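To start, the structure under review is shown below, and the notes come after it.
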Amino acid sequence: MGVETELPRKRAIGPDVVFVDARPQLDGSVVKSAQRVIQLLELFSDVRIGITVADVASKLKMPQSSTSALLRSLHTLGYLAIDEEKRTYAPTSRVALLGHWIDPLLVREGPILQMTRAVSAEAGFDTFLAIRNKLHVQIVYRQHSAGMISHSLTGAGSFMTLAATGHALMYDMSEREVTKLVTATNARLPDGVPSVSARELFDKLAAVRREGFAIGPAMRSQNNMTVAVRLPDTTVEPMVIGISVPLENFGDDPHVWGNILKNAVQHWLCEG
């Protein structure tokens, strides 16, 4: 990495936000696509607001077509969210969770991560956090249980309509929204995967509302069951916490696992 050739100049882009124009000159050993992703994340750290494609292209001196492709790609991967009305992009919780493990003294962990670890310790199995990514639900953090084989890898996902984690996110959607999601998903299902019935899904979502948790086969293992509970609406986007339980340990009463999650959410996020 080279050195800056001039002192940074700050330029206001909002009432309380400034941006440093000058950046280090990088030599040819740096892959340009990697450089752009990192500079984009640094830009969000600087401005701390949603920004448009044109804003990013201007600040990072990138072609607008390349900027648009980069932002769309990170949105598809679940790292950026789009405000359709304002046409701006902003990081999702997945970005915030990436580096939490490196230095807890530098990056203070909040109650959600503490809760996830506590649930894993109490249940004895993998626990994870997941958010919506368009038609999919995607794991953004996982807490592996000691000695267990993990099936809930970070970044893994499934269609919302097929997964218990998706049902936990969808339970308060209107029938019109659910029907639209079912139609869009069924059109994209791989060969051999049965279409989802909107009526059957309505019944499953009604059960989620009634019981307070969703239940279904794990996304990545037919030998595991998933139980999931949606967190209170205090995060950047709707989020669920789930437990992946081997079938041989699941038992006959899913309330055992659902209550572990509901009690944890009440204790960590609702009390006090």
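The values are calculated or read from the model by the stated rules, or taken from the named source; none is laboratory data. Only a predicted model underlies this, so the values are computations on that prediction, with no experimental measurement involved. When we count neighbours, we look across all protein chains shown, and the Cβ atoms used for this are built from the backbone with ideal geometry, even at glycine. The area values use the complete protein model at the heavy-atom level, side chains included, leaving out ligands, DNA and RNA. Shrake-Rupley method; radii C 1.70, N 1.55, O 1.52, S 1.80 Å.
Numbers for the structure displayed
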| quantity | calculated |
| --- | --- |
| Residue that is nearest to Met115 (Cα to Cα) [pool: residues in the range 194-238 that are hydroxyl-bearing (Ser, Thr, Tyr) and open to solvent by less than 30 Å² (accessible area, probe 1.4 Å)] | Thr226 |
| Residue count, the range 57-80 (criterion: among the hydrophobic types (A, V, I, L, M, F, W, C) and either open to solvent by 70 Å² or more (accessible area, probe 1.4 Å) or over 21 Å from the mean Cα position of the chain (by Cα) (or both)) | 4 |
| Only listed residue being of a type in the set (Gly, Ala, Ser), surrounded by 13 or more Cβ atoms within 10 Å (Cβ to Cβ), at negative phi and at pLDDT 85 or above, chosen from Ala96, Ala34, Ala54, Ala90 | Ala90 |
| Selection from the range 239-269 of residues that are closer than 29 Å to Ala96 by Cβ, in contact with a strand residue (DSSP E or B) (Cβ under 9 Å, 6 or more places away or on another chain) and open to solvent by 40 Å² or more (accessible area, probe 1.4 Å) | Lys262 |
| Within the range 190-272, helices (runs of 4 or more DSSP H) holding 2 or more residues that are without any contact (Cβ under 8 Å) to a residue 12 or more places away in the chain | 198-211, 255-265 |
| Residues of the range 257-272 classified as within 21 Å of Pro246 (Cβ to Cβ) and among the aliphatic types (A, V, I, L, M), total | 3 |
